[in-house]
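Quick notes on the structure that follows.
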Amino acid sequence: MSDTQAVADRFEITALCAEATDAVMMRDYDRLASLFTPDAAVRWPHIDRDFVGRQEIRAGIERGQGLWEFFVQQVHPGAVRLDGDTAAGRAYVHEFGRMHDGSAHANYALYHDRYERTSHGWRFSERVYEVRYVDVSPLRGSTPPEAPVAPSGLVDRLGPVAW
């Protein structure tokens with residue numbers, strides 16, 4: 001593999017992780033599911049849950065998101081190891097939010113990822129979520145009095161990234 005190809009692959013994998021975070025934050029479950037291979041798995045060992053295949057992944061993430069009044073996920077890239085048309089990597093996660101029942105939740109975690117090059121670009125073949133720290137203290141802040149509105153045309157300009 002050329003150095004140029006390795007740089008391009010790392011860039012595309014980092015962009016894949018960013019696209020997944022954006023899809024989660026925008027609650028775009030179809031887009032999120034499209035970022036996985038058809039037989040991919042998402043594993044949440046901390047609650048003994050596995051989702052296999054795009055439909056299960058989509059449904060599981062949507063069901064989980066439905067528990068939140070609001071939810072913020074920040075993901076930072078970690079190491080990526082390339083091996084031809086497959087790769088493995090990590091991403092570092094901070095999440096917080098408030099559930100519909102009023103309880104709060106914050107955590108720091110890792111995604112342990114496996115990626116596969118497909119005809120549509122790099123996709124997740126497995127994503128394992130490892131929680132390292134949890135805080136259920138009440139949040140001290142509050143949501144804005146009105147739902148925030150993106151500046152005129154911003155959402156249209158951003159749109160989903162074409163892969």
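Every read-out reported here was derived from the displayed coordinates using simple, explicitly stated rules and does not represent laboratory data. Small disclaimer: the values here were computed from a predicted structure and weren't measured. All Cβ positions, even for glycine, are placed from backbone atoms using ideal geometry, and neighbour counts span all protein chains on display.
A few notes on this one:
- Computed lengthening from Q65 to R132, 0.36 nm per intervening residue step minus Cα-Cα distance: 22.1 nm
- Net charge in the neighbourhood of V136 (other residues with Cβ under 14 Å of its Cβ; Lys, Arg +1, Asp, Glu -1) is -1.
- Of (i) 1.09; (ii) 1.19; (iii) 1.01, the label for Cα Rg over 2.2 N^0.38 Å derived from the coordinates: (i)
- Nearest-ten-degree value, helix 54-65 long axis tilted from longest Cα axis of the chain: 30
- DSSP bridge pairs, the chain: antiparallel proportion in percent, nearest 5: 90
- Here the 3J(HN,Hα) profile of segment 31-39, calculated from phi with Karplus coefficients 6.51, -1.76 and 1.60 at θ = phi - 60°, is 4, 4, 4, 5, 7, 10, 5, x, 9 Hz, Gly and Pro shown as x.
- Only DSSP H runs of four or more residues enter the estimate; each adds -39500 (n - 2.57), and after division by the residues of the chain the mean residue ellipticity at 222 nm equals -8500 deg cm²/dmol.
- Distance between modelled label sites at H100 and R43, nm, 7 Å Cα→Cβ extension: 3.0
- Cubic angstrom per residue, convex hull over Cα atoms of segment 1-76: 115
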